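Participant: A single structure is presented below for examination.
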Amino acid sequence: MLDPDDSTSLVPRRRFLAMLSGAVVTAALAGCGDDEQPAAPSGPPVRNFTIVAQNIAWDRDAFTVPAGTEVTATIDNRDVKVEHNLHIRAPGDPKSPLEDGPSTQVLRFTIDEPGTYDFLCDAHPMMDGVIHVV
């Protein structure tokens, strides 16, 4: 039986409870990491695609294109008096000029190195997505 006047008998128990609490908190926080996975390829590679800008948003957020092949992107800006462009963050920095809608532009580009590259509208960076080069 523990002597209520003997505080030394409680030290090991307190130390154990502190260590146990620390382990529980560590385990709980380990489950709070970033679960976001890289975007999966968006289908078979295409050499031509159309992307529509409407209501300050793209109609698609992923494309798959072949490496080392010229690709033609048609940018269909349906937002009246709102400028958009397509800017691909890849070697060569392919991008179309900012242009008020409604308008249609064509951007031709080649990406030699396979990988995943971001694209966006320079005027509206929240309009973004990825291009998978395979």
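Participant: Ranked by Cβ crowding within 10 angstrom, fewest neighbours first, how are H124, H84 ordered?
Facilitator: On the way: H124 17, H84 27.
Ranked by crowding around the Cβ, least crowded first: H124, H84.
Participant: Same structure again: What are the extents of the Cα atoms of the stretch 33-134 along their three principal axes, listed from largest to smallest and rounded to whole Å?
Facilitator: Largest to smallest, the principal-axis extents are 37, 35, 22 Å.
Participant: Same structure again: Which length gain, in nm to one decimal place, applies between D76 and A57 when the Cα-Cα distance is subtracted from 0.36 nm times their residue separation?
Facilitator: Working: separation 19, 0.36 × 19 = 6.84 nm, distance 1.16 nm.
Extra length available between D76 and A57 comes to 5.7 nm.
Participant: Right, here's the next one. Estimate the FRET efficiency between M126 and T104 by the formula 1/(1 + (r/R0)^6), using the beta-carbon distance for r and 22 Å for R0, to the nearest 0.05. It would help to have the intermediate numbers written out before the result.
Facilitator: On the way: r = 22 Å, r/R0 = 1.01.
It comes out at approximately 0.50.
Quick note: the coordinates plus some simple rules give every number you see, no bench work behind them. This one's a predicted model, so the numbers in the text were calculated from it and none came from an experiment. Note that we place each Cβ from the backbone using ideal geometry, even for glycine, and neighbour counts take in every protein chain shown.
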